[in-house]
């Protein structure tokens, strides 16, 4: 009897703090804010260098609500708008400004839970505005580089299939507002794989941990092929990316990748260089 009473008292004493702790636990926040900043040896966008092989500083902020809705903003230095396009009488697309890209986006994400027959499948729908502060070069009839896209993606584990479609008349300086040159409907279809190499090999600790692969293939298809940057040639192309990234527990990510785009030089030559040529990029990034 005495042993039973002591046991009961001990269990009661242990249970009491647990109850108080559970009662005082803070509820999950309704939203989260995440920040990122990175230094890249160059800025590659859809297989094309945006900085003429020069370094880029990039950063962004993301607001995510528990309901699945999110908003975000991101920025990077660029140079392609002021490097000069050989096919446009060596003229610069922007007369002033044109050294910054800002992206503004919002959307909704949802992942099906274990009760669903498609458990683990994620859906992401949104809209994104690419905005380049500055003034276009009217002397050569350059179009604005500002572009609006809607996008949809399916995610499962480390695989993603995504498509983005332009909803305005111009797309990064191609096309115009007239009926004979309309880039509305231009799309980018991509497949992205980030296999967790370290996990697959069973590596949990040390420098060999946290390593993932980067595999990407995509098609950039312009709606109006006759509205190329030069003459009537087709600006559409396919791009590829292969690389590795390592994530540290403190939020630092380092990596590198190779990219190549099947761009025709007469459409995508800036400052005497085909901006889709095969090239390598390395980076270090910090998330908060």
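Per-structure values
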| quantity | calculated |
| --- | --- |
| Total residues in region 252-275, condition modelled with pLDDT under 95 and either within 17 Å of the chain's Cα centre (by Cα) or not in a strand (DSSP E or B) (or both) | 9 |
| Some residue of region 23-43 being within 17 Å of residue 130 (Cα to Cα), part of a loop (DSSP other than H, G, I, E, B) and either touching a helix residue (DSSP H, G or I) at 6+ places or on another chain (Cβ under 9 Å) or at pLDDT 95 or above (or both) | yes |
| From the options 212, 198, 249, residue that is part of a strand (DSSP E or B), modelled with pLDDT of 90 or more and on the phi < 0 side of the Ramachandran plot | 212 |
| Answer from 220, 183, 160 - the residue that is surrounded by 15 or more Cβ atoms within 10 Å (Cβ to Cβ), under 18 Å from residue 48 (Cβ atoms) and modelled with pLDDT of 95 or more | 220 |
| Residues of region 62-78 satisfying the condition of being closer than 30 Å to residue 274 by Cα and either part of a strand (DSSP E or B) or at pLDDT below 95 (or both) | 73, 74, 75, 76, 77 |
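The values are calculated or read from the model by the stated rules, or taken from the named source; none is laboratory data. Predicted model, so just to flag it, every value in this text is computed and none were measured. For neighbour counting, all protein chains shown are included, and Cβ atoms are generated from backbone atoms with ideal geometry for every residue, glycine included.
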